[in-house]
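*Asks:* What follows is a structure written as structure tokens; I'll ask about it next.
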There are 2 protein chains.
Amino acid sequence: MATPDSYKPRIAVVGSGAIGCYYGGKLAASGQDVHFLMRSDLKSVRKHGLRLRSTENPEVFLPRVQAHASTEEIGPVDVVLIAIKTTANDALETLIPPLLHPGTTLVTLQNGLGNEAFLAKRFGSRRVMGALCFVCLNRIEPGVIQHMGLGAISIGEYRGKPKPRTLRLVEALCQAGIDAAAVENLITERWRKLVWNIPFNGLAIAAGELTTDLLMADPGLKKLVRGLMEEVVAIAAARGHEIPASYIDFQIERTLPMGPYRPSSLLDYMAAQPVEVESIWGEPLREARKAKLDAGRLEALYYLLKRLTSDRLAAGQSRKRTRTE
Amino acid sequence: MATPDSYKPRIAVVGSGAIGCYYGGKLAASGQDVHFLMRSDLKSVRKHGLRLRSTENPEVFLPRVQAHASTEEIGPVDVVLIAIKTTANDALETLIPPLLHPGTTLVTLQNGLGNEAFLAKRFGSRRVMGALCFVCLNRIEPGVIQHMGLGAISIGEYRGKPKPRTLRLVEALCQAGIDAAAVENLITERWRKLVWNIPFNGLAIAAGELTTDLLMADPGLKKLVRGLMEEVVAIAAARGHEIPASYIDFQIERTLPMGPYRPSSLLDYMAAQPVEVESIWGEPLREARKAKLDAGRLEALYYLLKRLTSDRLAAGQSRKRTRTE
């Protein structure tokens with residue numbers, strides 16, 4: 001395991017689900033000073049450590065993890081990796097302040113749009129960076145993360161081009177064995193990711209719990225996938241993020257060999273977990289309105305998902321209540 | 001029961017579900033010469049007659065009904081009342097010809113758009129009339145129709161203003177105790193009805209089997225209802241059917257006192273019966289395309305419904321197969 005010589009920031013991971021544990025765990029294994037905020041997994045990780053299993057690489061086992069019950073306990077750090085679900089963003093207003101010193105950088109690894117803006121509004125835009133994670137992970141039990149493929153991460157500044165701090169973080173991730181790269185325009189990259197996520201994550205739920213291959217095999221839904229992608233590209237362009245039209249074909253082509261793939265939002269929905277409706281569909285729709293664009297397909301999908309996911313969540317909670325009573 | 005003195009056409013009812021039995025039965029009870037094409041209810045009606053029960057009016061009992069197993073058995077008639085589900089329209093190509101003489105009029109009592117055009121293309125537009133039924137009915141067992149409210153019918157020519165034949169049919173229906181009226185522009189009336197049916201019948205299914213009061217109580221879905229209504233009004237206008245914008249408010253207002261109402265398409269969906277997706281959503285969308293209008297909300301709803309309803313139908317049929325095997 002290579003250890004970076006010069007760059008040894010104090011790092012906090014807020015949101016120690018699969019994403020937080022994976023990237024934070026890899027950094028810790030490479031010798032970085034990583035502190036995890038943990039809730040349900042705290043006891044187990046303190047006792048048994050953290051395991052990153054992989055179908056591709058040898059297991060990474062961290063017997064002793066700096067796991068904490070609160071951000072007060074962690075105290076000020078140089079870098080905060082934020083990996084909680086966007087549906088819980090409100091919690092960041094109280095979780096982040098104990099971690100801050102004047103130079104603390106906040107890096108959101110979260111899905112969709114609006115997370116950098118959320119942090120910038122509350123903690124100042126100079127602090128904010130963001131990252132897109134291209135990785136298939138599953139938390140299979142407390143402290144055990146299963147890696148199922150990919151692993152790349154793209155890191156950029158909320159405002160402007162990569163800075164020395166961006167490159168330092170990229171370098172630290174690379175030293176930890178992660179395929180990390182700096183991106184010139186983070187928000188454009190977010191829009192590019194949404195070109196796929198908006199139709200597939202959404203229709204997989206709204207069309208009756210369908211995998212991507214079934215969506216693509218249905219001529220009407222395939223047309224709707226393309227129509228949604230065109231709306232997303234048009235909104236992005238109107239907000240200053242040019243995406244070439246050929247990117248739509250690329251995204252459709254790359255979906256075909258995926259087989260019976262369940263997008264992450266469908267997995268959340270089927271498990272009666274919160275679905276990140278606002279960051280994936282709500283924010284892009286609000287961007288369309290700012291641009292005075294009529295994005296009818298996106299609007300229909302957004303309002304349907306908002307309802308379907310909140311009904312499913314409520315049904316799941318009432319089932320849970322019944323079981324424990 | 002008043003009997004019209006002069007106008008005694010030979011009438012066939014094709015599609016003896018609730019709508020066909022109700023209007024046909026009322027006409028027969030008033031002394032008209034009505035012949036019913038029946039399938040599953042034939043034996044029972046021949047034996048026990050036809051009953052029209054009502055929460056508002058005395059029961060109409062027809063002990064002897066002219067019920068037939070085929071249109072060949074009925075032979076040529078003056079008026080055909082068509083009340084099969086639009087999902088079975090293809091059957092009309094073989095059902096109608098035996099009923100025709102040179103002056104036979106075809107009156108479609110079916111839902112949505114495109115039914116007059118379907119008949120006109122196959123049997124000549126001069127023959128074609130249409131009717132909009134505003135009535136709540138339920139076929140509760142073979143030969144027994146429960147009337148639960150309303151009952152009005154608006155009749156018009158497919159092409160042009162009402163003719164003497166239109167008024168004669170209206171008069172015969174009025175004599176049968178039905179609130180019938182002639183309409184100046186039938187297709188405009190169809191679009192007006194779609195302003196309500198497209199959002200409410202559709203979202204009731206796509207948003208997870210919701211009654212109209214729940215749709216209206218959800219701020220997002222209420223917005224989507226209005227957005228869909230605006231699209232329908234815009235498509236209608238582009239195709240030459242002006243509907244005032246105030247009609248949207250009227251349709252929303254009138255929905256509020258309905259309470260937990262299940263639109264007919266939702267009832268069909270819940271019973272795993274075919275839903276009239278093409279005539280209610282497909283045809284209006286195709287009209288939008290002819291007008292080069294982007295109706296994104298309608299398109300999203302159409303493709304979702306197409307999938308959801310066909311999956312439900314298939315699931316229902318496989319359940320039925322399992323039960324009978």
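*Asks:* Name the residues of the range B:212-247 whose accessible area falls by at least 10 Å² when all protein chains are present instead of the chain alone, probe 1.4 Å?
*Replies:* Going by heavy-atom accessible area, the residues of the range B:212-247 that drop by at least 10 Å² are B:LEU214, B:ASP218, B:GLY220, B:LEU221, B:LYS223, B:LEU224.
*Asks:* Whole Å is fine, so just give me how far the alpha carbon centre of the range B:156-201 lies from that of the range A:240-256.
*Replies:* 48 Å
*Asks:* A further question on this structure: Where a ≥ b ≥ c are the square roots of the eigenvalues of the C-alpha gyration tensor, would you call the range A:188-320 rounded, which needs a/c under 1.5, or, failing that, prolate if a/b is larger than b/c, or oblate? Mind dumping the intermediate values first?
*Replies:* Values: a/c = 2.09, a/b = 1.31, b/c = 1.60.
It is oblate, given that a/c is not under 1.5 and a/b is not larger than b/c.
*Asks:* Per DSSP H run of at least 4 residues, take -39500 (n - 2.57); add these up for chain B, divide by its residues and hand me the 222 nm value, nearest 500 deg cm²/dmol.
*Replies:* Working: 13 runs with 149 residues, N = 325.
Calculated mean residue ellipticity at 222 nm is -14000 deg cm²/dmol.
*Asks:* Pull out a ≥ b ≥ c, the square roots of the eigenvalues of the alpha-carbon gyration tensor of the range B:126-242, then state rounded if a/c is under 1.5, prolate if not and a/b is larger than b/c, and oblate in the remaining case.
*Replies:* Working: a/c = 3.03, a/b = 1.33, b/c = 2.28.
Oblate.
*Asks:* At q = 0.06, 0.07 Å⁻¹, what log₁₀ I(q)/I(0) does the protein assembly as shown have when each alpha carbon counts as one equal point scatterer in the Debye sum?
*Replies:* Computed log10 I(q)/I(0) values: -0.45, -0.58.
*Asks:* Then there is this: State, as an integer percentage, the relative contact order of chain A based on alpha-carbon contacts under 8 Å between residues 6 or more apart. All intermediate terms of the calculation are to be shown ahead of the outcome.
*Replies:* Details: 577 pairs, mean separation 46.2, N = 325.
About 14 percent, as a whole number.
*Asks:* Then there is this: Please report, for A:ASN57, the nm distances (one decimal) from its label point, 7 Å out from Cα along the beta-carbon direction, to the equivalent points in the remaining copies, shortest first.
*Replies:* 7.8
*Asks:* What ranking do A:313-320, A:12-19, B:222-229 get when scored by the average of other Cβ atoms within 10 Å per residue, highest first? Before the final figure, lay out each step's value.
*Replies:* Values: A:313-320: 12.5, A:12-19: 25.6, B:222-229: 21.5.
Ranking, from highest mean packing down: A:12-19, B:222-229, A:313-320.
*Asks:* Given N residues in the range B:10-184, what is its alpha carbon radius of gyration divided by 2.2 N^0.38 Å? Please report the intermediate quantities before stating the final value.
*Replies:* On the way: Rg = 14.8 Å, N = 175, 2.2 N^0.38 = 15.7 Å.
In units of the 2.2 N^0.38 Å rule of thumb, it is 0.95.
*Asks:* What is the sum of charges, Lys and Arg at +1 and Asp and Glu at -1, for the other residues whose Cβ falls under 15 Å from the Cβ of A:ARG122? Kindly include the intermediate steps, with their values, before the conclusion.
*Replies:* Values: positive: A:LYS121, A:ARG126, A:ARG127; negative: A:ASP90, A:GLU93, A:GLU116.
It works out to a net charge of 0.
*Asks:* Also: Tabulate in residue order the Karplus-calculated ³J(HN,Hα) for the range B:206-212, using 6.51 cos²θ - 1.76 cosθ + 1.60 with θ = phi - 60°, rounded to whole Hz; enter x for Gly and Pro.
*Replies:* Along the range B:206-212, the couplings run 5, 8, x, 6, 10, 6, 4 Hz.
*Asks:* Using θ = phi - 60° and the Karplus form 6.51 cos²θ - 1.76 cosθ + 1.60, what ³J(HN,Hα) does each residue of the range A:244-254 get, whole Hz, x for Gly and Pro?
*Replies:* x, 4, 4, 5, 4, 4, 4, 5, 6, 4, 6
*Asks:* Another question, if that's okay. Taking only protein heavy atoms into account and a 1.4 Å probe, give the accessible area per residue of the range A:188-320 in Å². Walk me through the numbers on the way to the answer.
*Replies:* Numbers: 5190 Å² over 133 residues.
Per residue, the range A:188-320 has an accessible area of 39 Å².
*Asks:* If you don't mind, there's one more thing I want to ask. Listed highest first by mean packing, meaning other Cβ atoms within 10 Å per residue, what order do A:93-104, A:173-184 come in? It would help to have the intermediate numbers written out before the result.
*Replies:* Working: A:93-104: 14.7, A:173-184: 18.2.
Highest-to-lowest ranking by the protection proxy: A:173-184, A:93-104.
*Asks:* Could you pull out the pairs from A:LYS193/B:LYS292; A:LYS223/B:LYS290; A:LYS121/A:LYS292 whose alpha carbons sit more than 25 Å apart here? Each step should come with its number before you reach the end.
*Replies:* Numbers: A:LYS193/B:LYS292 30 Å; A:LYS223/B:LYS290 17 Å; A:LYS121/A:LYS292 23 Å.
Exceeds cut-off: A:LYS193/B:LYS292.
*Asks:* Shielding by partners for A:199-209, please: the mean number of other protein chain Cβ atoms within 10 Å of each residue's Cβ.
*Replies:* Details: counts 0, 0, 0, 1, 4, 0, 0, 8, 8, 8, 1.
So the per-residue partner count for this stretch is 3.
*Asks:* For the Cα atoms of chain B, what angle does the longest principal axis make with the long axis of helix B:18-29, in degrees from 0 to 90, nearest 10?
*Replies:* Approximately 30 degrees, to the nearest 10.
*Asks:* Averaged across A:289-299, how many Cβ atoms of other chains sit within 10 Å of each residue's Cβ atom?
*Replies:* 4
*Asks:* Here's something else I'd like to know. Which whole-number percentage describes the relative contact order of the range A:170-237, with Cα contacts under 8 Å and a sequence gap of 6 or more?
*Replies:* Numbers: 38 pairs, mean separation 20.8, N = 68.
Normalised by residue count, the contact order of the range A:170-237 is 31 percent.
*Asks:* Let me ask something additional. Please work out the C-alpha center-to-center distance from the range B:103-151 to the range B:289-320 and express it in whole Å.
*Replies:* The range B:103-151 and the range B:289-320 have Cα centres spaced 23 Å from each other.
*Asks:* So what's the net charge close to B:LYS47: Lys and Arg +1, Asp and Glu -1, counting the other residues with Cβ under 11 Å from its Cβ?
*Replies:* Numbers: positive: B:LYS43, B:ARG46, B:ARG64; negative: B:ASP41.
Taking every other residue near B:LYS47 into account, the sum is +2.
*Asks:* Considering only A:GLU230, A:GLU276, A:GLU59, give the residue with the highest GNM mean-square fluctuation for chain A, with springs between Cα atoms whenever their separation is below 10 Å.
*Replies:* Among A:GLU230, A:GLU276, A:GLU59, the largest mean-square fluctuation in the Gaussian network model of chain A belongs to A:GLU59.
*Asks:* In the Gaussian network model of chain A, springs joining C-alpha atoms below 10 Å, which of A:PRO58, A:PRO162, A:PRO284 carries the largest mean-square fluctuation?
*Replies:* Comparing A:PRO58, A:PRO162, A:PRO284 in a Gaussian network model of chain A, the most mobile one is A:PRO58.
*Asks:* Further question: Can you pull the mean other chain C-beta count within 10 Å for peptide A:303-313? Show your work: numbers first, answer last.
*Replies:* Values: counts 13, 10, 2, 6, 11, 3, 1, 2, 6, 1, 0.
Average per residue, whole number: 5.
*Asks:* Would you kindly derive the ³J(HN,Hα) couplings of the range B:297-312 from the backbone phi angles with the Karplus curve 6.51 cos²θ - 1.76 cosθ + 1.60 (θ = phi - 60°), listing them in order in whole Hz, with x for Gly and Pro?
*Replies:* In residue order, the calculated couplings are 5, 4, 5, 4, 5, 4, 5, 5, 5, 4, 6, 4, 6, 6, 5, 5 Hz.
*Asks:* Using a 1.4 angstrom probe on heavy atoms only, work out the carbon and sulfur share of the accessible area of the protein assembly as shown in %.
*Replies:* Values: 14630 of 28030 Å².
Using a 1.4 Å probe with all protein chains present, the protein assembly as shown comes out at 52 percent carbon and sulfur.
*Asks:* What net charge is computed for the residues neighbouring A:ALA29, neighbours being all others with C-beta under 15 Å from the C-beta of A:ALA29, Lys and Arg scored +1, Asp and Glu -1? Walk me through the numbers before you get to the answer.
*Replies:* Working: positive: A:LYS8, A:LYS26, A:ARG51, A:ARG53, A:ARG64; negative: A:ASP33, A:GLU59.
Overall, the nearby charge balance is +3.
*Asks:* Whole percent per 10 Å bin, from 0 to the bin with the longest distance: what is P(r) over all C-alpha pairs of the range B:63-136?
*Replies:* Calculated P(r), rounded to whole percents: 18, 53, 26, 3.
*Asks:* Moving on to the next point. Nearest 100 Å², what total accessible surface is buried between chain B and chain A (probe 1.4 Å)?
*Replies:* On the way: alone 15050 and 15030 Å², together 28030 Å².
Result for this pair: about 2100 Å² buried.
*Asks:* Not counting ligands, DNA or RNA, and with a 1.4 Å probe, what is B:TYR302's accessible surface area in Å² rounded to the nearest 10?
*Replies:* Approximately 10 Å² of B:TYR302 is accessible to the 1.4 Å probe.
*Asks:* Another question, then. Any idea what the relative contact order of the range B:1-125 is, in percent, if you count C-alpha pairs under 8 Å spaced at least 6 apart? Spell out each step's value before the answer.
*Replies:* On the way: 206 pairs, mean separation 31.7, N = 125.
Once normalised by length, the contact order is 25 percent.
*Asks:* Can you give the Kirkwood hydrodynamic radius of chain B from its Cα pairs, in Å with one decimal? Each step should come with its number before you reach the end.
*Replies:* Details: mean 1/r = 0.0488 Å⁻¹.
Computed over chain B, the radius equals 20.5 Å.
*Asks:* Still on this structure, I have one more. Restricting everything to alpha-carbon atoms, can you work out Rg to Rh for the range B:202-280 with a Kirkwood hydrodynamic radius? Working shown, then result.
*Replies:* Numbers: Rg = 13.4 Å, Rh = 13.6 Å.
Dividing the radius of gyration by the Kirkwood radius yields 0.99.
*Asks:* Taking amide hydrogens as modeled 1.01 Å from N in the peptide plane, which residues meet the under 5 Å criterion relative to A:ARG10, leaving out close sequence neighbours?
*Replies:* Long-range HN contacts for A:ARG10: A:ASP78, A:VAL79.
*Asks:* Pull up all non-local amide H partners of A:ASP179: gap of 5 or more, or a different chain, and H-to-H distance under 5 Å with H placed in the peptide plane.
*Replies:* Result for A:ASP179 returns A:ILE153.
The values are calculated or read from the model by the stated rules, or taken from the named source; none is laboratory data. It should be emphasised that the depicted structure is a prediction, and the values quoted were computed from it without experimental measurement. As a convention, Cβ positions derive from the backbone with ideal geometry for all residues, glycine included, and neighbour counts pool all protein chains shown. When the accessible area is computed, the model is the full protein with side chains, heavy atoms only, and any ligands, DNA or RNA have been set aside. Shrake-Rupley method; radii C 1.70, N 1.55, O 1.52, S 1.80 Å.
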